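The structure appears right after this line, and notes come after that.
The values are calculated or read from the model by the stated rules, or taken from the named source; none is laboratory data. Quantities reported herein were computed from a predicted structural model and do not represent experimental measurements. Virtual Cβ from ideal backbone geometry, glycine too; neighbours counted across all protein chains shown. Heads up: the accessible areas ignore ligands, DNA and RNA and are worked out on the full protein's heavy atoms, side chains in. Shrake-Rupley method; radii C 1.70, N 1.55, O 1.52, S 1.80 Å.
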Amino acid sequence: MTFAFPAFHETIVSGVHTPASVAAAMRRSGWARVQEQKESVTCRVGFSAWSFGETITASFASGRLALRSSCILPTQCIDWGKNRRNILHLLDVLGT
């Protein structure tokens, strides 16, 4: 768990992933507002007991996928592991 404003978790994954496959995984997860751009995909995760919601961003560069989940509330500095669980869930749905 990272202490930052807002709280976040980030990981970099090697392998072949496309914006379309990541967007599809986000939709399968039930996350909202999935938006695809050329080099990135973003979505929103709803309110839970752990946070007021998160934004997940997937960025593609040099054959790598950078995943970042951060709390929507800018003053939330503790996420109780929710951002990490978001990333692990997305990786599980992607099959990596």
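Summary table
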item	result
Residue check, Phe47 touching a residue at least 60 places away in the same chain (Cβ under 8 Å) and either open to solvent by 30 Å² or more (accessible area, probe 1.4 Å) or not in a helix (DSSP H, G or I) (or both)	no
Test: residue in segment 60-67 that is of a type outside the set (Asp, Glu) and under 11 Å from Phe8 (Cα atoms)	yes
Pairs where the first residue, in segment 7-36, is in a loop (DSSP other than H, G, I, E, B) and surrounded by 12 or more Cβ atoms within 10 Å (Cβ to Cβ) and the second is among the polar types (S, T, N, Q) and at pLDDT below 95, C-beta under 6 Å, 6+ apart	Ala7/Gln76
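This table checks each residue for (1) part of a loop (DSSP other than H, G, I, E, B); (2) crowded, with 18+ Cβ neighbours inside 10 Å.
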| position | (1), (2) |
| --- | --- |
| Thr42 | no, yes |
| Phe52 | yes, no |
| Thr55 | no, yes |
| Ala66 | no, no |
| Ser70 | no, yes |
| Gln76 | yes, yes |
| Trp80 | yes, no |
| Asn83 | no, yes |
